[in-house]
1. Name the single residue that is nearest to the chain's Cα centre (by Cα) among those in region 183-207 being part of a loop (DSSP other than H, G, I, E, B) and closer than 23 Å to TRP42 by Cβ.
2. If the requirement is being touching a helix residue (DSSP H, G or I) at 6+ places or on another chain (Cβ under 7 Å) and either modelled with pLDDT of 95 or more or under 30 Å from LEU154 (Cα atoms) (or both), which of these qualifies: HIS79, HIS113?
3. How many residues, within region 176-209, are out of contact with any Asp or Glu (no Cβ under 9 Å at 6 or more places or on another chain) and hydrophobic (A, V, I, L, M, F, W, C)?
4. Are there any pairs, at least 6 apart or on different chains, whose C-beta atoms fall under 6 Å, with the first in region 235-256 and under 18 Å from VAL223 (Cβ atoms) and among the hydroxyl-bearing types (Ser, Thr, Tyr) and the second at pLDDT 95 or above and buried (at least 16 other Cβ atoms within 10 Å of the Cβ), and if so, which?
5. State all residues of region 203-240 that are in contact with a helix residue (DSSP H, G or I) (Cβ under 6 Å, 6 or more places away or on another chain) and within 12 Å of LEU6 (Cα to Cα); if no residue qualifies, say none.
6. I'm told LEU26 meets every condition in (1) under 22 Å from ALA132 (Cβ atoms); (2) more than 15 Å from the chain's Cα centre (by Cα) except one. Can you identify the failing condition by its number?
7. Among the candidates ALA46, ALA71, single out the residue that is closer than 30 Å to ASP239 by Cα and of a type outside the set (Ser, Thr, Tyr).
Amino acid sequence: MRASLLQIDVNPDETVEDRRTRVGDLVAAQKDADLVVLPELWPVGAFAYDLFDEHAELLEGPTFQVMSEAARQAGAWLHAGSIVERATDGTLFNTSLVLDPEGQLAQNYRKIHRFGFDKGEATMMGAGVAPATVTLPDTQLGLATCYDLRFPELFRTLVDAGSQVLVIPAGWPAKRAEHWTLLARARAVENQTFVLACGTAGEHAGVPQAGRSAVYDPWGEVVAATEDNEERVVTAEFDLSQVASVRESFPALKDRVL
């Protein structure tokens, strides 16, 4: 599999509409990729709480429409990061979208663990209630978003459902950047899966972002990564059969008792 992680800069001087168009062009250019991944809430910024309601959209709203065309042009599977979804009852959700190479919606995932404790996302958005996976021709993706990374039981559920690649878009703050890399690598090691961790560049509403997008293999080794928070594309090529070989040579998952 060849994956492209797009570490997008959420520039406050750029309109949401312009950013959609620009990011769509970046996605469409990834014609050598099998899978393209975008970060969490890149249309508005994960910490731009004052923009959530204004730019909330339906599941197949304007972001989906632009990403659908971009996926078709790239001919790739696209994890389009997440959007502020407005459900039919008016509830807001932090919702990830996965599109197939024809631009069709293959899966969506509403973030289960909301960040903010007694403010921000935790009070403004509803919580997802179900883990989500999506089957590609050669593998299965398990979906999680940002703060979900701190809850390893979710990832066990995804692995039990057959996931071999865990995809984690995030708007992770720079002041906890070490947690971002440590936890993403830990999820790879303990679940013997590939982990694709896609962060954002620059700042979200004045909050410096960690960036540090990376792909980790089932041993927790770095396949490809960036150490900064500049906008860039992180490209990785990896052998999916490594999941089975690692689990066979070091069958730790068989020793689980809970």
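1. This residue is GLY199.
2. Going through HIS79, HIS113 in turn, the sole match is HIS113.
3. 10
4. Every condition considered, the pairs that remain are THR235/SER4.
5. Passing the criteria: only ARG212.
6. For LEU26, the failing item is (1).
7. Going through ALA46, ALA71 in turn, just one is closer than 30 Å to ASP239 by Cα and of a type outside the set (Ser, Thr, Tyr): ALA71.
Residue by residue, here is whether (1) crowded, with 24+ Cβ neighbours inside 10 Å; (2) touching a residue at least 24 places away in the same chain (Cβ under 8 Å); (3) not in a helix (DSSP H, G or I) holds:
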{"position": "THR21", "(1), (2), (3)": "no, yes, no"}
{"position": "VAL27", "(1), (2), (3)": "yes, yes, no"}
{"position": "LYS31", "(1), (2), (3)": "no, yes, yes"}
{"position": "PRO39", "(1), (2), (3)": "yes, yes, yes"}
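The values are calculated or read from the model by the stated rules, or taken from the named source; none is laboratory data. Remember, it's a predicted structure, so these values are computed and weren't measured experimentally. A quick note on method: Cβ atoms are made from the backbone with ideal geometry, for glycine too, and the neighbour counts reach across all protein chains shown.
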